[in-house]
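Heads up, the thing below is written out as C-alpha cells.
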C-alpha cells in the first residue's frame, strides 16, 4: 500500500527525525532555549501525544498546544445560554456529543438532560434538520459549534431548511475562526512562538492564504499539516528548516487534501449564511475581534439567538472565566494560550480528570489537558512538575 | 472536532438536494455532496472516495490514501467512535415519529 509505506515506514520516520535533528542544530536552539512550535489544531495535539511525537523529536523543540479545540475555548456563559434554550419545554436541543460534558456555570448539557431537558446527540446538523421534519410540533435547535471545517455543514443545512420553508428549525451559532486568535497570540507580549503547524481540515475549507499575515507581518513560518505521524514530522521539519534558513513562509505539507484556494462551494455557503461578529469571547483568551460569526439577517428566521432572545451579549457575562468561582485555582486560561503545560495546574489529575472535568481542556480528547492525562500525564508530572511550577 | 473519516460514495440519493450515500467501513450513511460535486453533477461521483465530516463530503481523496487514513483513525481509536456516532444518530432518528 503506497500510503502505508509513505506515512508509516519507521525507516522513513527515522530519516525525517534525523533531518529534524540536523535542522534544529543549525538554528542554535537548545533544550534550555528550545524552538517553540505551536500546533494550532486539537487533532494534531491528540496525534502528537497518541504517537509520542513529543518524545521522538529533539528536546530543543517544544510543542506549544494551540487553541484549536472548539469545546475547549467555549466560554461557560455560552454553555449557560445553551441550557436556557434547551430547558424550554417546546425545544429539542441537538448537539455534537463533544459538547455534552463541557461545564457551564449551571452545569453541563449532560446534567441538564438528566434533569429532564430534551437534549439529543447527533452526528450531523442534517440529523437535527431531519428531526425537525419528523417532529414538526417541536422546535429543534442545533448547537452550531466548531471552526471553519464545520461551518459549511451548518451553513448548507440552514440553506436546505430555508429551501424547505421549515419553521421549527434553528441554529444556535457559536462558530469561531482560526486566524484571529493566532493574531491575538502573536500580539501577546508574554508569548514567544517560533513557528506554527497549521490545521489540516480547517485549511481544506479556507485554503492557505488566510495565514499569509503570520509570515508577512510577524515573520513566523507556518506549515499546513496532515494527521499521520509522518505528516506531522515532515511538517515540523519544514517549519524548522524555514527557521534555520531565515525564511518565513506559508507552506502546505497536506496538499493531497488541502487545495491552496480552499473549497469554493463550502466558502460560498459560509459567506451566504454567516457574517463576522464584532468580537467573540474565548475561554482563557478573552474577547477577540472578529473571531466569531453570527447568522446574516436573511437567515434570521433560523437564528436561535433571535428566535429565543438568548444569545451572545444578551445574557450577563463575566469578562473572564477567572472571575467565576467554579474555576478558582484552575489555570485553563494559561494552558489554552500555551503559556504553561497542563501539569503546572494544581487541579490537573487531582480535582480535574477526564472523568470529572473542571475545565473544558479536560473534556475533549483534543484538549491539551486530556491529551496529557491520557498519554503523558504521569511521565510529565514526575519529571517536570517542580521546574515548571518554579518558573511559572 | 475537525475529524474527517474516509467513505466511498455508493449511490446518489437525491440529485436535487445533492444527497448521496457513503459507505464508511461497512456502515452506510446519507451525506451531503455539495462541497465535492463538480461541473459534471453528482452522478459521476459514484465510486469516488471522499473525506466525510459531520455528514458532509468535504474533499475527494484517492483510494490508497483513504485506506491509510482509515487505518490511522483506527489506531487513534477514532474510527469506531465516529462510526458509533453515525449509528447512534440513526437510532435516535429511528425512534422519532415519522
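The Rg/Rh ratio for the protein assembly as shown, using Cα coordinates for both the radius of gyration and the Kirkwood hydrodynamic radius, is 0.95. Among A:269, A:300, A:15, the residue with the largest mean-square fluctuation in a Gaussian network model of chain A, with springs joining Cα atoms closer than 10 Å, is A:15. Rg then Dmax, both in Å and based on the Cα atoms of segment B:5-95: 12.8, 38. Springs join every pair of Cα atoms under 10 Å in this Gaussian network model of chain A, and among A:246, A:338, A:284 the largest mean-square fluctuation is at A:246. Each label point was placed 7 Å from the Cα along the Cα-to-Cβ direction; for residue A:15 and residue A:88 their separation is 6.0 nm. Each principal axis of segment A:103-159 carries a Cα extent, and these read 32, 30, 15 Å when sorted largest first.
In segment A:263-302, the ratio of gyration radius to Kirkwood radius, Rg to Rh, stands at 1.08 when only Cα atoms are counted.
Computed over Cα pairs, the Kirkwood radius of segment A:30-135 leads via Stokes-Einstein (1.306 mPa s, 10 °C) to a diffusion coefficient of 97 µm² per second. Antiparallel beta bridges, as assigned by DSSP with both residues in chain A, represent about 20 percent of the total such bridges. Contact order for chain A, expressed relative to its length and based on alpha carbon pairs under 8 Å spaced 6+ residues apart, stands at 20 percent. Remark: mean inter-chain Cβ contacts per residue of B:22-35 equal 3, using a 10 Å Cβ-Cβ cutoff to other protein chain atoms.
None of the figures in this text is laboratory data; all of them are computed from the coordinates on show. None of the values given here were measured: they were computed from a predicted structure. Quick reminder, even Gly has a Cβ in these numbers, built from the backbone with ideal geometry, and neighbours come from all protein chains shown.
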